[in-house]
1. Which pairs do you get when a residue that is assigned to a loop (DSSP other than H, G, I, E, B), found in the stretch 100-123, comes within reach of a residue that is surrounded by 15 or more Cβ atoms within 10 Å (Cβ to Cβ) and of a type in the set (Asp, Glu), reach meaning Cβ atoms under 7 angstrom, with the pair 6+ apart or on two chains?
2. Quick check on this structure: which one of 79, 11 is loosely packed, with under 13 Cβ neighbours inside 10 Å, of a type outside the set (Gly, Ala, Ser), outside any loop (DSSP other than H, G, I, E, B) and modelled with pLDDT of 95 or more?
3. Got a sec? Which of 16, 64 is at pLDDT 95 or above, over 14 Å from the mean Cα position of the chain (by Cα) and surrounded by 13 or more Cβ atoms within 10 Å (Cβ to Cβ)?
4. Among the numbered criteria (1) acidic (Asp, Glu); (2) buried (at least 21 other Cβ atoms within 10 Å of the Cβ); (3) closer than 14 Å to residue 31 by Cα, which one does residue 88 miss?
5. What do you reckon, is residue 23 modelled with pLDDT under 95, part of a strand (DSSP E or B) and not aromatic (Phe, Trp, Tyr)?
6. For the stretch 26-54, name all the residues that are outside any strand (DSSP E or B), open to solvent by 50 Å² or more (accessible area, probe 1.4 Å) and modelled with pLDDT of 90 or more.
7. Before we move on, is residue 24 more than 15 Å from residue 114 (Cβ to Cβ), touching a residue at least 24 places away in the same chain (Cβ under 8 Å) and of a type in the set (A, V, I, L, M)?
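The values are calculated or read from the model by the stated rules, or taken from the named source; none is laboratory data. This structure is a prediction, so every number in the text was calculated from the model and none was measured. Positions of Cβ are backbone-derived with ideal geometry, glycine not excepted, and every protein chain shown enters the neighbour counts. Heads up: the accessible areas ignore ligands, DNA and RNA and are worked out on the full protein's heavy atoms, side chains in. Shrake-Rupley method; radii C 1.70, N 1.55, O 1.52, S 1.80 Å.
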Amino acid sequence: QVQLVESGGGLVQAGGSLILSCAASGRTLTNMGWFRQAPGKEREFVAAFSWRGRSTAYADSVKGRFTISRDNAKNTVNLQMNSLKPEDTAVYYCAGGSTYYRASDQSGEYDVWGQGTQVTVSS
């Protein structure tokens, strides 16, 4: 049984930065990703990381501003978010997969989800 626990959300002004962390416990994962859901909108892909080959993928809306990385010592995956915009406001969810060794943008390829952490960017 895998558990994912997110941390690091909060309120920040536009142009600011936040780091989200996702701590994984349990069986080995093959890939991890971040998704987000804003009020009244569908959940959307943000970034993903594959444990094999350490490949990454990003949504066009966050490329150049967000960076996903792994902290081996803490068994966590972090999402560094810079130059935040009000449109980045959403609940951010960490997701873990145990089948696909690729940085996938497909929510269906992830087996387990965290509880979500709120990120609010004020203008």
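1. Qualifying pairs under 7 Å: 100/109; 114/6; 115/6; 116/6.
2. On the way: 79 fails: loosely packed, with under 13 Cβ neighbours inside 10 Å.
The match here is 11.
3. Testing whether each residue is at pLDDT 95 or above, over 14 Å from the mean Cα position of the chain (by Cα) and surrounded by 13 or more Cβ atoms within 10 Å (Cβ to Cβ) leaves just 16.
4. (3)
5. On the way: modelled with pLDDT under 95: yes; part of a strand (DSSP E or B): yes; not aromatic (Phe, Trp, Tyr): yes.
So residue 23 passes the test.
6. 39, 40, 41, 42, 43
7. no
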